[in-house]
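The block underneath contains the structure these notes are about, expressed in structure tokens.
The values are calculated or read from the model by the stated rules, or taken from the named source; none is laboratory data. Since we're looking at a predicted model, the values are computed, not measured. As a convention, Cβ positions derive from the backbone with ideal geometry for all residues, glycine included, and neighbour counts pool all protein chains shown. With ligands, DNA and RNA removed, areas are computed over all heavy atoms of the protein, side chains included. Shrake-Rupley method; radii C 1.70, N 1.55, O 1.52, S 1.80 Å.
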Amino acid sequence: MGTAALSVDPRAFAPGLKVAVAAARYNHDIVDALLDGARRAWRAYAGAERDLTIERVPGAFELPLAAQALARFAAVDAVVALGCVIRGDTAHFDYVAGECARGLQTVMLNTGVPVAFGVLTVETRAQALERAAPDALNKGGEAVETALAMASLLRRWK
């Protein structure tokens, strides 16, 4: 799937794990492609369809609150956040991308539930499309791999 160097092989651990995906609607065509990559990775690592929850939110700025609710109330082993923020002519990008990243990290640290960062923060639409392409570089698939690796690691320590 992805190119991330994982210290835990997620294929050995996907069965039995429950993962939730929070996916932004903004830039929906790109996020839909990330979501397709996430679903492909989930199936490739033998995750059961019933153990994958998908929720949609308006945009990347709303992902931290959704991730927090999923981590606290959905009885999941990990959360995957998918979104896309493309730089424009104003400072809006900096606020949305930065606060999304900070919020997702805070959720992870406060809940103890891994939150995989599958939010594209790119300069151009072309860069976003490249990272959402249906191949091994799809960042949605990489985010699922990361979520599985971290959930598996934490499960070993419980």
For LEU104, state whether it is open to solvent by less than 40 Å² (accessible area, probe 1.4 Å) and not in a loop (DSSP other than H, G, I, E, B).
yes
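Name the single residue that is nearest to the chain's Cα centre (by Cα) among those in segment 80-101 being in a loop (DSSP other than H, G, I, E, B) and of a type outside the set (A, V, I, L, M, F, W, C).
Once the filter is applied, the top-ranked residue is ARG87.
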For segment 33-79, which residues satisfy the criterion of being in a strand (DSSP E or B), surrounded by 23 or more Cβ atoms within 10 Å (Cβ to Cβ) and either of a type outside the set (Val, Ile, Thr) or without any contact (Cβ under 8 Å) to a residue 60 or more places away in the chain (or both)?
ALA78
Out of the residues in segment 109-118 meeting the condition of being assigned to a strand (DSSP E or B) and open to solvent by 10 Å² or more (accessible area, probe 1.4 Å), tell me which one is nearest to LEU82 (Cα to Cα).
PHE117
Under 9 Å between Cβ atoms, at least 6 apart or on separate chains: pull out the pairs that start in segment 93-115 with a residue that is on the phi > 0 side of the Ramachandran plot and end on any residue that is surrounded by fewer than 20 Cβ atoms within 10 Å (Cβ to Cβ) and assigned to a helix (DSSP H, G or I).
GLY112/LEU154
Subset of segment 1-26, residues closer than 19 Å to ASN138 by Cβ, open to solvent by less than 70 Å² (accessible area, probe 1.4 Å), at pLDDT 55 or above and not hydrophobic (A, V, I, L, M, F, W, C), comes to PRO10
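Which residue out of GLU130, GLU145 is open to solvent by less than 40 Å² (accessible area, probe 1.4 Å), part of a helix (DSSP H, G or I) and modelled with pLDDT under 95?
Numbers: GLU130 fails: open to solvent by less than 40 Å² (accessible area, probe 1.4 Å).
Matching residue, one of GLU130, GLU145: GLU145.
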